[in-house]
Amino acid sequence: MADLTSTITYILSIGTIIVDLFIIFAIFLILIKEKLPDFIDNLIKKFWLYIAFIISLGASLASFYYSEIAKFEPCTLCWYQRSFMFPLVFLFGMAIYKKEVLIKPYAKLMCIIGSLIAIYHYLLQIGVTTIAPCTLTVGGVSACVQRPFVAFGYITIPIMSLTSFLLILVILKFSDTSKSE
């Protein structure tokens, strides 16, 4: 099981790095008020709802894998992040089913709040802040501070969560227009 978890973590970590680079590129484009390359822009405009659904589903399944199969006990902050990611699967799924696009403000708000929790969780893990809401402790240390793995020197579960939330926000941002609003 440890080998499978290591392999999955490695694959997800490589994906996180690639997506992080895309997010940085997209934020740069937003700041300079440029558009995405045409093929990416067209893909997002046409399939943004499906892309957001797949991202939220993938993040939720990865979360379930780590807690239910790899047996990493989710801490309080992990649960808070999950409480903003899991509903996105149903929100985007229903929007696809109903052909509804008016969900963007709700999805954006959920992603922003989830991102803020993930940032706080990561800052807690790297020791920038010490106020942990966790009542669950591992070896006398708050479970929120625990890092079951650190890939490539910075990737932990909160970073994967943050990456998912930010990618959905980028997709939502570029889904309406190729120019920054």
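Along Cα→Cβ, 7 Å out, is where each label goes; now give me the distance between the ones at Arg147 and Glu100 in nm to one decimal.
Placing both labels 7 Å along Cα→Cβ, they lie 4.0 nm apart.
Could you give the angle, 0 to 90 degrees to the nearest 10, between helix 76-98's Cα long axis and the longest principal axis of the Cα atoms of the chain?
It is inclined by approximately 30 degrees.
What is segment 2-176's relative contact order, in percent, from Cα pairs under 8 angstrom and six or more apart in sequence? Don't skip to the answer; put the middle values down first.
Numbers: 177 pairs, mean separation 56.1, N = 175.
RCO, segment 2-176: 32 percent.
Per 0.36 nm of contour for each residue apart, how much would the distance between Ile113 and Trp79 grow if the chain were fully extended, relative to their Cα-Cα spacing? List each step's numbers first, then the result.
Values: separation 34, 0.36 × 34 = 12.24 nm, distance 1.30 nm.
Roughly 10.9 nm would be gained on extension.
So how long is each side of segment 1-52 along the principal axes, counting just the alpha-carbon atoms, biggest first, in Å?
In descending order, the Cα extents are 45, 23, 15 Å.
Any idea how far apart Ile131 and Lys45 come out in nm if each label point goes 7 Å out from Cα toward Cβ?
Rounded to a tenth, the inter-label distance reads 4.5 nm.
Take each of the peptides 76-89, 23-36, 147-160, average the number of other beta-carbon atoms within 10 Å over its residues, and list them starting from the highest. If you can, show how the numbers build up before the last one.
Values: 76-89: 20.1, 23-36: 13.8, 147-160: 17.4.
Packing proxy ranking, top to bottom: 76-89, 147-160, 23-36.
When you take every Cα atom in the chain, what is the radius of gyration, and what is Dmax, the widest Cα pair distance, in Å?
Looking at the chain, its Cα Rg and Dmax stand at 16.8, 53 Å.
Efficiency by 1/(1 + (r/R0)^6): what FRET value for Phe22 and Ala2, r their Cβ-Cβ distance, R0 = 35 Å, to the nearest 0.05? Could you put the intermediate results ahead of the total?
On the way: r = 30 Å, r/R0 = 0.87.
Result of the calculation: an efficiency of 0.70.
Extending each Cα 7 Å along its Cβ direction at Leu123 and Lys35, get the distance between those two points in nm, one decimal.
3.7 nm
Read-outs throughout are calculated quantities, based only on the coordinates presented, and are distinct from any laboratory measurement. Bear in mind the structure is a predicted one, so any value in this text is a computation, not a measurement. Positions of Cβ are backbone-derived with ideal geometry, glycine not excepted, and every protein chain shown enters the neighbour counts.
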